[in-house]
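This report refers to the structure that appears directly beneath it.
The values are calculated or read from the model by the stated rules, or taken from the named source; none is laboratory data. The structure displayed is predicted, hence computed values, not measured ones. A quick note on method: Cβ atoms are made from the backbone with ideal geometry, for glycine too, and the neighbour counts reach across all protein chains shown. Just so you know, the surface numbers come from the protein's heavy atoms only, side chains and all, with ligands and any DNA or RNA stripped out. Shrake-Rupley method; radii C 1.70, N 1.55, O 1.52, S 1.80 Å.
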Amino acid sequence: MRQKEQSPPPSPSTRLRHRKHTKSQEVFPDVSKLNGGSNLLVDDQNKYRSMWVRTLSSLWMLGGVILILYLGHLYICAMVVIIQILMAAELFHLRRIVHESKRLPGFWLINWYFFFTAMLYVYGRILRQHLVNTVTSDKFFYKLVNSLFKYHMVICYFLYIAGVMWFILTLKKRMYKYQFGQYAWTHMILIVVFTQSSFTVANIFEGIFWFIHPASLIAINDVAAYFFGFFFGRTPLIKLSPKKTWEGFIGGSFATVLFAFMLANILGQFRWMTCPRKDLSTGWLHCDPGPLFKLEYYPFPNNIAQLLPWKGMWISPVQWHALWLGLFASIIAPFGGFFASGLKRAFKIKDFGDSIPGHGGFTDRMDCQMVMAIFAYIYFQSFVLAPGSSVEMILDQIERSLSHEEQQKLYAMLGQIFQDQKYGYL
């Protein structure tokens with residue numbers, strides 16, 4: 001009998017090329033087959049059930065947000081902090097490998113240690129003067145708070161260094177790559193989460209309007225794009241999000257810009273939404289909304305006025321600013337969602353979590369909000385805030401920079417200057 005020829009065993013390089021080739025052939029599950037041959041929402045066989053679940057979740061979220069808005073600035077900031085923690089938990093879990101973490105008991109505590117150290121630094125910087133203004137009436141607490149903030153940066157620095165030392169002491173042989181990967185991932189999360197939240201909190205204290213209006217635009221754009229795509233979507237928009245369509249994108253954009261213009265007028269009528277908050281008290285604010293929120297009359301041209309039953313419109317200046325916010329929310333902010341979609345595809349997951357039925361996790365809801373919050377702050381500081389040094393700005397700098405005793409000394413010196421000027425004129 002002729003023996004069957006045996007092929008030589010594959011070399012290590014051949015096996016490596018084979019593994020790479022096999023890995024390159026991995027594909028995501030074919031969602032189109034589950035939906036009857038199409039990725040589009042309009043062809044989804046379960047679209048009405050998913051719409052009902054999504055609508056119910058949206059309603060209870062809306063009710064919760066309205067209640068927190070009614071309670072005021074401090075409670076809104078608390079909501080932002082809670083959402084931050086939930087987002088961080090979802091993102092930390094994304095990179096955690098169970099069998100690797102079991103070999104490093106307690107290693108996950110380092111992630112949260114860095115998180116809360118960063119929280120102490122960021123919110124200490126943002127809310128420093130607000131806290132000082134809150135305790136000004138109490139001399140003991142005023143001195144205590146000032147002393148703590150004087151060394152705030154030093155405290156946070158050594159807390160961070162302690163975290164780095166803790167991380168180094170936990171390094172374990174054959175686990176270096178995983179541990180340093182977790183270290184880098186933690187710092188990326190801190191940058192993304194706290195950059196967004198710092199701008200969000202700054203917007204809140206400039207006036208609730210500058211928080212709720214941009215956030216509402218993201219929500220209405222998401223809802224409008226969903227329904228336009230639900231009923232009319234036929235043309236895929238981007239491969240990262242197979243269910244997104246051009247019909248939904250364009251329809252959502254028009255709806256968002258129109259909604260931005262009308263919502264600015266409605267919110268501007270509530271004075272407690274337009275007032276900036278200088279301390280951490282919880283009461284409602286009453287202030288002069290300023291010319292930005294006061295209605296101005298714009299007459300129509302004669303050839304148009306003859307065709308309409310009214311001759312003009314009452315529009316507040318903030319509504320013109322709202323149009324730019326609406327354009328950004330509908331055209332640029334969705335790319336925050338596309339970025340998140342790409343990240344989810346990289347990790348081969350559908351959602352970052354399952355905390356919100358029909359929506360996924362909190363990170364899934366906040367991807368576009370992160371982009372919008374930063375733009376809203378930059379837009380306010382660049383185009384809305386009055387340029388130059390006004391009396392209010394100088395007083396604010398005095399409150400931020402001088403202690404109570406130094407402010408009293410400045411007051412006495414100004415009094416002496418006014419007295420000298422008075423006698424000098426006589």
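Taken together, 394, 349 contain a single residue that is under 30 Å from residue 142 (Cα atoms) and either among the β-branched types (Val, Ile, Thr) or touching a Lys or Arg at 6+ places or on another chain (Cβ under 8 Å) (or both), which is 394. For the stretch 314-327, the set of residues classified as open to solvent by less than 30 Å² (accessible area, probe 1.4 Å) and closer than 29 Å to residue 363 by Cβ consists of 322, 325, 326, listed by residue number.
Taking the condition of being within 25 Å of residue 104 (Cβ to Cβ) and open to solvent by less than 80 Å² (accessible area, probe 1.4 Å), how many residues in the stretch 147-166 meet it?
We begin by selecting, within the stretch 147-166, every residue within 25 Å of residue 104 (Cβ to Cβ); these are 158-166.
Okay, now just the ones that are also open to solvent by less than 80 Å² (accessible area, probe 1.4 Å), so 159-164.
Residues in the stretch 147-166 being within 25 Å of residue 104 (Cβ to Cβ) and open to solvent by less than 80 Å² (accessible area, probe 1.4 Å): 6 in total.
Open to solvent by 50 Å² or more (accessible area, probe 1.4 Å), among the hydrophobic types (A, V, I, L, M, F, W, C), closer than 30 Å to residue 90 by Cα and not in a helix (DSSP H, G or I), is that true of residue 349? When the stated conditions are applied, residue 349 passes them. Please go through the stretch 398-426 and give me each residue that is modelled with pLDDT under 80, more than 30 Å from residue 206 (Cβ to Cβ) and of a type outside the set (Asp, Glu), ordered by number. Passing the criteria: 421, 422, 423, 424, 425, 426.
For (1) over 18 Å from the mean Cα position of the chain (by Cα); (2) over 30 Å from residue 364 (Cα atoms), each residue gets a yes or a no:
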| site | (1), (2) |
| --- | --- |
| 81 | no, no |
| 94 | yes, no |
| 101 | yes, no |
| 107 | yes, no |
| 142 | yes, yes |
| 150 | yes, yes |
| 155 | yes, yes |
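In the set 86, 74, only one residue is open to solvent by 50 Å² or more (accessible area, probe 1.4 Å), farther than 15 Å from residue 185 by Cβ, touching a Gly at 6+ places or on another chain (Cβ under 8 Å) and part of a helix (DSSP H, G or I); that residue is 86. Scanning the stretch 167-201 for residues that are open to solvent by less than 10 Å² (accessible area, probe 1.4 Å) and not in a helix (DSSP H, G or I) yields a single hit, 175.
When both residues are 6+ apart or on different chains and their Cβ atoms are under 7 Å apart, which pairs have a first residue that lies in the stretch 367-384 and is more than 14 Å from residue 195 (Cβ to Cβ), and a second that is β-branched (Val, Ile, Thr)? What qualifies is 368/218.
Considering only residues in the stretch 94-111 that are in a helix (DSSP H, G or I) and free of Cβ contacts under 8 Å to residues at least 12 places away in the same chain, the one that is most open to solvent (accessible area, probe 1.4 Å) turns out to be 102. Among the residues of the stretch 117-146 satisfying the criterion of being of a type in the set (D, E, K, R) and at pLDDT below 75, which is least open to solvent (accessible area, probe 1.4 Å)? That would be 138. Out of all the residues in the stretch 379-397, which are open to solvent by less than 60 Å² (accessible area, probe 1.4 Å) and at pLDDT 80 or above? Those that are open to solvent by less than 60 Å² (accessible area, probe 1.4 Å) and at pLDDT 80 or above: 379, 380, 384. Remark: pairs (first residue in the stretch 215-238, farther than 22 Å from residue 322 by Cα; second residue among the hydrophobic types (A, V, I, L, M, F, W, C) and crowded, with 20+ Cβ neighbours inside 10 Å; Cβ separation under 6 Å; 6+ apart in sequence or on different chains) = 229/41; 230/41; 233/40; 233/41; 237/249. Of all residue pairs spaced 6 or more apart or on separate chains, those with beta-carbon atoms under 7 Å, a first member in the stretch 46-66 that is touching a residue at least 60 places away in the same chain (Cβ under 8 Å) and under 21 Å from residue 230 (Cα atoms) and a second member that is in a helix (DSSP H, G or I) and among the aliphatic types (A, V, I, L, M) are 47/41. A count restricted to the stretch 359-378 and to residues that are at pLDDT 90 or above, under 10 Å from the mean Cα position of the chain (by Cα) and acidic (Asp, Glu) stands at 0.
Looking only at residues in the stretch 352-372 that are closer than 20 Å to residue 94 by Cβ and of a type in the set (A, V, I, L, M, F, W, C), the one that is surrounded by the fewest Cβ atoms within 10 Å (Cβ to Cβ) is 356.
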